[in-house]
C-alpha cells in the first residue's frame with residue numbers, strides 16, 4: 001500500500017529583486033522585478049507502507065520544502081500529493097492525526113515545563129483520552145528510557161535526552177508515518193547511535209513508515225533502506241541503499257608504500273590521487289580494472305605496506321550532489 | 001465534541017502558561033500588581049479632571065471608572081486567553097507557524113491560545129476593583145462577564161484581521177499594533193467627546209463602540225436584547241472575517257528554517 005504519492009510536484013517562491021546604491025533610488029517608485037525560484041521542480045515519487053526512506057540533498061536543495069508540503073505546512077504551486085490518502089493542503093487536520101514530525105532544529109516541547117507536562121499537553125492537542133494517554137506515556141517512556149528525567153524541566157535536559165522526549169511526544173498519538181528532519185543535528189556520537197537505533201526500532205517493530213532527512217551519512221546508512229537524493233529541486237537519484245552501494249561503491253582507494261620510488265602509469269580505471277616519495281594513493285575503478293591489473297603496477301617484492309578501502313558513502317553522495325553522477329556509473 | 005476539545009485546549013494552554021511563569025513567583029506577582037497600579041494611575045488623571053468639572057457630556061467619575069474597568073477587563077480576557085493573536089505577525093514573518101500546522105487543531109485558534117499574558121490577570125482584577133469603587137450592583141457583576149468575553153472576542157478578531165497583513169507585507173503587524181493600541185486608548189474616553197467621523201471609525205475598524213460604549217449603556221440601563229444581539233453579531237462577523245483572512249493568507253505562508261524552540 002502506498003503511504004505517500006507525489007506527482008509532478010512544484011513549489012516556487014517569488015521574491016522581489018533588491019537593488020543597491022544608485023539603482024536603489026532609481027527603482028524606489030518603480031515596480032520591482034520579480035525573481036521566481038523553483039524550490040521543488042516537478043518531482044514524482046511514492047513511498048510504500050513500512051519503508052524507511054532517506055530524503056537527502058545539500059542545503060537549499062528542496063528537501064525541507066518537500067517535507068513541508070507533505071505535512072501540509074506549505075501549499076504546493078502545482079502537482080498532486082496524497083499522504084495516507086489525504087491531500088495535505090485540504091485535509092491537514094485529518095492528516096496530522098496520523099503523522100508525526102520531529103524537527104531537529106525546531107523544538108516542539110515547552111522548555112520551561114517538564115517532559116511529562118509536555119506529553120499531557122500534546123495528548124490534549126491530539127484529543128487522546130486521559131487513561132489511554134497515561135498508558136501510552138508509560139509504555140513509551142520505558143521503550144525510550146526517559147523515566148529518570150520525565151519530571152525534569154526540558155531546559156535542564158541534555159540535547160540527546162531532549163530529542164528522545166521529542167520523539168516520545170511525536171509518537172503519543174500512534175502515527176503511521178513519521179517525518180524526521182535532521183533529528184541528530186548537534187548530537188554526540190553516542191546519542192546519535194541511540195537515536196538511530198530507536199528510529200530503526202520504530203520502523204521494524206512498530207511498522208511506522210519513516211521519512212528521514214539528514215546531512216549525516218551515517219544516519220541514512222544505518223536507518224534507511226531507500227534513498228532519494230534531491231538537488232536544485234529535482235530528484236537526482238531514487239534507489240535502494242543496497243543498489244546505491246553496489247553501483248557506486250565500485251571505486252576502491254588503494255594506498256601503497258613501496259621500497260623505492262617508481263612511476264605509476266595512469267590509464268582508464270586507474271587514477272593516481274596522491275604520490276609522495278614512495279607512498280601512493282590510487283583510485284581504482286573495479287568495473288574497468290581487475291585486481292590483477294592493479295597488482296601489476298608494481299612488483300610484489302617492492303611492496304612494504306598496502307591498504308584497500310572503499311570510497312566513503314559521504315564522498316559518493318557529495319559527487320551526486322555536484323551533479324556528476326553520470327560520470328560515476 | 002469539537003467545541004469541548006477546543007475549549008479544553010484553550011484552558012490547558014492557559015494552565016501551562018501560568019504554571020510556566022509561576023516558577024518565578026515574585027516576578028509573577030509583580031506583573032499582576034504593577035498592572036493594577038498602572039490602571040489605577042489612569043484614574044488619578046480623571047480625579048484631577050473631575051475636580052475641575054463635574055461631568056463631561058453627562059459622564060461623571062462613576063461612569064468613567066466603569067468604562068475603563070470594562071476596557072481593562074476586555075483587554076485582560078483577550079490577553080489571558082488569546083495573547084498569541086498579538087504575535088501572529090511575528091510568527092508569520094519569521095516562518096514559525098510550522099509547529100501549529102502539524103497539529104490537528106484549527107491553526108488560528110491554536111496560535112491565539114498558545115500564549116498567555118500574566119499581567120492580564122491584573123487587568124481583570126482591576127475591572128472588578130473599578131466596579132467596587134463605582135458601587136456596582138449585583139446586576140453589574142452579572143452583566144460584565146459576558147460583556148468582557150464578547151469584547152475580548154471582538155478585540156482579538158480585529159487584531160487578527162490586521163496581523164494577517166504580515167502574509168502580504170513585511171512587518172505588516174505594525175498596523176495591527178497601531179489598531180490594538182488605538183482600541184485601548186479611544187476606549188478609555190467617554191463616547192460623547194467624539195464627532196460623527198470618529199464615531200464611524202469607533203463602530204468599524206476601531207470597534208470601541210461594540211466593545212465598551214454599548215456594554216456600558218447595557219450595564220447602566222439594564223438588560224436590552226438588541227444591544228446583546230448587536231454585540232454578538234459584530235463579534236461573530238469580526239471573528240469569522242479573521243478566520244477567513246487567516247485561511248486565505250496561509251496559502252502565502254513561507255516557512256522559515258531558523259532554529260527555534262518553545263519558551
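Rule-based calculations on the coordinates, nothing more; no lab input. None of the values given here were measured: they were computed from a predicted structure. Here the Cβ is made from the backbone with ideal geometry for all residues, glycine too, and neighbour counts use every protein chain on show.
Over the C-alpha atoms of segment B:6-56, the Rg to Rh ratio, Rh being the Kirkwood estimate, stands at 1.31.
Rounded to the nearest angstrom and ordered from largest down, what semi-axes does the equivalent ellipsoid of the protein assembly as shown get from its C-alpha gyration tensor (root of 5λ)? List each step's numbers first, then the result.
On the way: eigenvalues 757, 140, 91 Å².
With the √(5λ) rule applied to the protein assembly as shown, the semi-axes are 62, 26, 21 Å.
Taking label positions 7 Å along the Cα-Cβ direction at both residue A:303 and residue B:52, the computed distance is 10.4 nm, reported to one decimal.
Segment A:151-191 and segment A:40-98 have Cα centres separated by 21 Å. Looking at the protein assembly as shown alone, DSSP beta bridges between its own residues are antiparallel in about 70 percent of cases. Antiparallel beta bridges, as assigned by DSSP with both residues in segment A:140-297, represent about 80 percent of the total such bridges.
Working note: Cα atoms of chain A, range along each principal axis, descending, whole Å: 76, 63, 43.
Give the relative contact order (percent, whole number) for segment A:23-156; include only Cα pairs under 8 Å separated by 6+ residues.
17 percent
Here segment B:126-262 was treated as a single set of alpha-carbon atoms; its pair distances binned every 5 Å from 0 give 2, 9, 16, 18, 18, 13, 9, 6, 4, 3, 1 percent. A straight line joining the Cα centroids of segment B:123-184 and segment A:254-302 runs 79 Å.
Dividing the C-alpha radius of gyration of segment B:2-250 by 2.2 N^0.38 Å, with N its residue count, gives 1.02. Simple spin-label estimate for residue A:105 and residue A:38 gives 2.4 nm between the two label positions (7 Å along the Cα-to-Cβ direction from each Cα).
Averaged over peptide A:101-110, how many Cβ atoms belonging to another chain are found within 10 Å of each residue's Cβ?
Mean inter-chain Cβ contacts per residue within 10 Å come to 5.
Counting beta carbons within 10 Å around each of A:311, B:102 and listing the fewest first gives the order A:311, B:102. Helix B:25-52 and the longest principal axis of the Cα set of chain B meet at an angle near 40°. Would you mind telling me the antiparallel percentage of the DSSP bridges in chain A, rounded to 5? Here the antiparallel bridges make up roughly 75 percent for chain A. Taking Cα atoms only, the orientation of helix A:189-204 departs from the longest principal axis of chain A by about 70 degrees.
Taking only alpha carbon atoms, segment A:212-329 gives an Rg to Rh ratio of 1.06, where Rh is the Kirkwood radius.
Rounded to 0.05, the FRET efficiency of the residue B:226 and residue B:18 pair, given R0 = 41 Å and the Cβ-Cβ distance, is 0.65. Both radii come from the Cα set of segment A:186-235: Rg as radius of gyration, Rh as Kirkwood radius; their ratio Rg/Rh reads 1.01.
Taking each DSSP H run with n ≥ 4 as -39500 (n - 2.57) and averaging over every residue of chain A yields -9000 deg cm²/dmol at 222 nm. Taking the fewest neighbouring Cβ atoms within 10 Å as the starting point, the ordered list for B:12, A:162, B:171 is B:171, B:12, A:162.
Taking every residue in B:9-16 and counting other chain Cβ atoms within 10 Å of its Cβ, the average works out to 3.
Cβ crowding within 10 Å, taken as a proxy for footprinting-reagent exposure, orders A:112, A:27 from fewest neighbours to most as A:27, A:112.
Note on residue B:38/residue B:248: beta-carbon distance plugged into 1/(1 + (r/R0)^6) with R0 of 35 Å gives a FRET efficiency of 0.40. In this calculation the C-beta distance from residue A:75 to residue A:16 is compared with R0 = 25 Å, giving a FRET efficiency of 0.80. Inter-chain neighbour count for A:70-77: the average number of beta-carbon atoms from partner chains within 10 Å of each residue's beta-carbon is 4. With the simple spin-label model, which puts each label point 7 Å out from Cα in the Cβ direction, the residue A:25 to residue B:233 separation comes to 5.6 nm. The angle between the Cα long axis of helix A:159-171 and the longest principal axis of the Cα atoms of chain A comes to about 60 degrees, rounded to the nearest 10.
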